Amino acid sequence: MGRFLAHVAIKFALLMLASSLVVFALVSASPIDPVSANVGQAALATMSVEQRAELSEYWGSDTPFWERYASWIGALAHGDMGMSLRFNAPVEQVIAQRALNSLALMSLAWVASGVLGFTLGVVAGAHRDSMIDRFTKAYCFVLAASPTFWVALLMLIVFSVVLGWFPVGFSAPIGKAASEVTFLDALHHLALPAITLSLVGVANVALHTREKTIDVMAQPFVRLARARGQSNARVIVRHGLRNLALPAITLQFTQIAEIFGGSVLVEQVFSYPGLGQAAVVAGIGGDAALLAGIALVSAALVFGGNLIANILYGVIDPRLREVHHG
């Protein structure tokens, strides 16, 4: 156990280091000038040479990449993630303010996509080659091939603009003080982005569960139960779910990365103030410190999901534990 924990800790530290290094390297290689991107060309044209030099120093645009990264790493070692120049606030404060919105969106979509995908997969596999099976496969293939932002725009146009069932965007009603926003207000604004994100995350779990269900339904003990007069539904509930639930849950944990990646696009389309939208703003503005902080948070989420999935794989098949320890 000690070796396993040490191995996990080393992998996690290397992942954090690599993620932050890549972010700083990409920001340094980007053609975006953070000064002109955040001040504006018109305002920049009216500034003196001294003012421009002062802004360049403030944004670190003239500072060598390795020097900026070494300074940021040194501050991070003391618990300081740096200053978000785009939001004019500490990075940890920006992340804390927006993390709750993103976690609420991703958690709701993650659970909904898992439940919907598992249900569709079991029903489709139990009724192989039926109408519902063909519908499930078509639904999964179409959504798996559809860009997330396109699906989000379509949902926004239909359910917000045309039907008016949901707000057009944001996480709370416009013009309403934060102290006056109720739970129902927040849920109303969260619903459509979460539904959109969950719909595009169904395919993998549904198709995988369908194949597993078909395999289970072909087992001798299932044929014996059917010979005794048990219905498909009773066979699945009594004999199939225990063989299907854990693999589906394991696969669901590996999809945390896809859920987070999809949330970036969904938040941007719905103007939902989460980490994804903050990452887009930071990228456009060349805010390396904020981008690196968001990258660390997202990498930690993905690492945690994959770690749980690997542990569950070992629970499903003990041979994987033997290979891992070997």
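Any read-out appearing in this document is the output of simple, stated calculations on the displayed coordinates, not a laboratory observation. Bear in mind that the values here come from a model prediction, so they are computed numbers and not experimental data. Here the Cβ positions follow ideal geometry from the backbone for every residue, glycine too, while neighbour counts run over all protein chains shown.
Data overview
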item	result
Average Cα contact separation per residue, the range 64-135, under 8 Å, 6 or more apart, as relative contact order %	12
In nm, spacing of pseudo-spin labels at VAL161 and GLU54 (7 Å Cα→C-beta vector)	4.4
The range 2-80 - convex hull of alpha carbons, volume per residue in Å³	103
Span from the the range 94-165 Cα centroid across to the the range 273-287 one, whole angstrom	24
Within the range 2-80: Cβ-based charge dipole about Cα centre, in debye rounded to nearest 20 (Lys, Arg +1; Asp, Glu -1)	540
Under 19 Å from LYS137, Cα to Cα: aspartates and glutamates that are on another chain or at least 8 residues apart	ASP129, GLU211, ASP215
The range 217-297 - percent relative contact order, Cα under 8 Å, separation 6 or more	14
16 Å cut-off, amide nitrogen to a point 7 angstrom out along VAL8 Cα→Cβ, residues in the range 277-303	300-303
Which labelled figure in (i) 1.08; (ii) 0.99; (iii) 1.22 is Cα Rg over 2.2 N^0.38 Å, once derived from the coordinates	(iii)
Computed over the range 110-262, Kirkwood Rh from alpha-carbon pairs, angstrom	17.4
DSSP H segments from the chain that extend 27 Å or more along their own axis, Cα-based, with Kyte-Doolittle mean of 0.0 or above	2-29, 91-126, 288-316
Inter-label distance for PHE170 and ALA89, nm, one decimal - labels placed 7 Å from Cα along Cα-to-Cβ	1.6
Alpha-carbon centroids, the range 246-271 and the range 170-218: separation in whole Å	10
Ordering of 90-102, 182-194 by burial proxy (mean other Cβ atoms within 10 Å per residue, highest first)	90-102, 182-194
Sequence-distant aspartates and glutamates (8 or more away, or on other chains) whose Cα lies within less than 12 Å of LYS212	none
Sparse-neighbourhood loop sites, trypsin sites (Lys or Arg not before Pro) in the range 190-292 - DSSP loop, at most 12 other Cβ within 10 angstrom	ARG228
For peptides 290-301, 243-254, sequence by mean Cβ density within 10 Å, most packed first	290-301, 243-254
